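K.L.:
Pasting a structure below so you can have a look.
The values are calculated or read from the model by the stated rules, or taken from the named source; none is laboratory data. Only a predicted model underlies this, so the values are computations on that prediction, with no experimental measurement involved. Glycine also receives a Cβ, built like all others from the backbone with ideal geometry; neighbour counts cover every protein chain displayed.
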Amino acid sequence: MNRSMITAANTMSQLQQQLDLISHNVANVNTVGYKKRDATFSEMLYQQFTNQNMERNETNRLTPPGIRQGVGAKLGETKLVLTQGVIQETSRDLDVAFSKEGIFLQVLVEQNGQREVHYTRGGNLYVRSSGEDEAMLVNDSGHPVLDVNDNPIVFSNNPRDIIITPSGEFVIKPLDESLPTQIFELGLVKVNRPQLLEGRGGNLFTLSLNNAEGAVESLIGREREQAGLQQGALEQSNVDVSKEMTDMMVTQRAYQFNSRAISIADQMMGLVNGIR
């Protein structure tokens, strides 16, 4: 197989990954709080071929001497984009929208007997009964929502009123007015290094590195004033469908170009074999 076919085949495999990324963004255009990912490409390894006198003085030359032959392009990185999505009013007490970038809610996920804290922007919350007189606050997947101390939020069942303040206080007013009001602080974090977040499915994220110091900062005390939560609303996905469709067409054209390059290289090899 000649070099042109190797280069085209390498690039096609990377373009397929970009198509998968774009299709994932489009599939989640209606997912509450979903954050899209963008792909960037970089050059793979190349070889330097010196085909001229290296000692010759070429003062006006802007490129290195010789010929550089690469082996294709690769998907350099996928970047998580945390731009704000459109906020849509729902008038539902358990719906909460994040109106500021980089603020995430903590939930507890239990898999294979292990418990791990995950982060999400999905503010469509629900109440799940956890006993005769108790209820638990969960997300749309049924995972418990954590408070500021990383404990599940459990409160008395059948509340009369639910209030979520802009600073992230979860206030429960019991149906029996003689009982005291319950106040919890939602477990909110600010993500300072979003590229260290790794998607876990279900609109959930976790840190890709265990020692990523400073990547996630818990909001406590006066820092909670910057949370900017809005009750009775939901933040929509930040996916721009028109941009995604444009990127998909450009990627498909690049894929077709490299596929055509393999076909032409194969035809040229057939002609050479026919001559011999």
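K.L.:
Under 9 Å by Cβ, and 6 or more places apart or on different chains, what pairs join a residue from region 245-269 that is closer than 19 Å to T40 by Cβ with one that is outside any helix (DSSP H, G or I) and at pLDDT 90 or above?
P.N.:
D247/D38
K.L.:
Here is a check on your reading of the model: is Q230 assigned by TED's automatic domain parsing to the domain that holds V26 and either in contact (Cβ under 8 Å) with a residue 24 or more places away in the chain or on the phi > 0 side of the Ramachandran plot (or both)?
P.N.:
Here the answer is no, as Q230 does not meet what is asked.
K.L.:
Residues of region 183-218 being buried (at least 17 other Cβ atoms within 10 Å of the Cβ), in contact with a helix residue (DSSP H, G or I) (Cβ under 8 Å, 6 or more places away or on another chain) and more than 17 Å from V145 (Cα to Cα), which ones?
P.N.:
L207, A215
K.L.:
Separate question: Residues that are small (G, A, S), part of a helix (DSSP H, G or I) and crowded, with 18+ Cβ neighbours inside 10 Å: does region 224-236 have at least one?
P.N.:
Checking region 224-236: not a single residue is small (G, A, S), part of a helix (DSSP H, G or I) and crowded, with 18+ Cβ neighbours inside 10 Å.
K.L.:
Additional query: If we scan region 141-160, do we find a residue that is in contact with a Lys or Arg (Cβ under 7 Å, 6 or more places away or on another chain) and under 30 Å from L21 (Cα atoms)?
P.N.:
yes
K.L.:
Here's another thing I want to ask about it. Kindly evaluate N149 against the criterion of being surrounded by 14 or more Cβ atoms within 10 Å (Cβ to Cβ), in contact with an Asp or Glu (Cβ under 9 Å, 6 or more places away or on another chain), over 20 Å from K35 (Cα atoms) and without any contact (Cβ under 8 Å) to a residue 40 or more places away in the chain.
P.N.:
no
K.L.:
Among the residues of region 165-223, which ones are more than 17 Å from L108 (Cβ to Cβ), of a type in the set (A, V, I, L, M) and without any contact (Cβ under 8 Å) to a residue 40 or more places away in the chain?
P.N.:
Residues satisfying the conditions are V171, I172, L175, L179, I183, L196, L209, A212, A215.
K.L.:
Then there is this: Tell me which of these E217 doesn't satisfy, since it passes every other one: (1) not in a helix (DSSP H, G or I); (2) not assigned by TED's automatic domain parsing to the domain that holds T120.
P.N.:
(2)
K.L.:
In region 158-186, which residue that is in a loop (DSSP other than H, G, I, E, B) and of a type in the set (A, V, I, L, M) is farthest from A135 (Cα to Cα)?
P.N.:
If we take residues in region 158-186 being in a loop (DSSP other than H, G, I, E, B) and of a type in the set (A, V, I, L, M), then L179 is farthest from A135 (Cα to Cα).
K.L.:
Considering E244, E213, E225, which residue is more than 24 Å from the chain's Cα centre (by Cα) and of a type outside the set (V, I, T)? Steps first, answer last, please.
P.N.:
Values: E244 fails: more than 24 Å from the chain's Cα centre (by Cα); E213 fails: more than 24 Å from the chain's Cα centre (by Cα).
Exactly one residue qualifies, and that residue is E225.
K.L.:
Identify the single condition in (1) loosely packed, with under 14 Cβ neighbours inside 10 Å; (2) modelled with pLDDT under 90 that S130 does not satisfy, given that it satisfies every other one.
P.N.:
So the condition that S130 fails would be (1).
K.L.:
Keeping to region 67-94, report how many residues are in contact with a Lys or Arg (Cβ under 7 Å, 6 or more places away or on another chain), outside any loop (DSSP other than H, G, I, E, B) and surrounded by 13 or more Cβ atoms within 10 Å (Cβ to Cβ).
P.N.:
Going through region 67-94, the residues in contact with a Lys or Arg (Cβ under 7 Å, 6 or more places away or on another chain) turn out to be 69, 78-82.
Filter once more, so that each one left must be outside any loop (DSSP other than H, G, I, E, B): 69, 78-80.
From what is left, the residues that are surrounded by 13 or more Cβ atoms within 10 Å (Cβ to Cβ) are 78-80.
The qualifying residues number 3.
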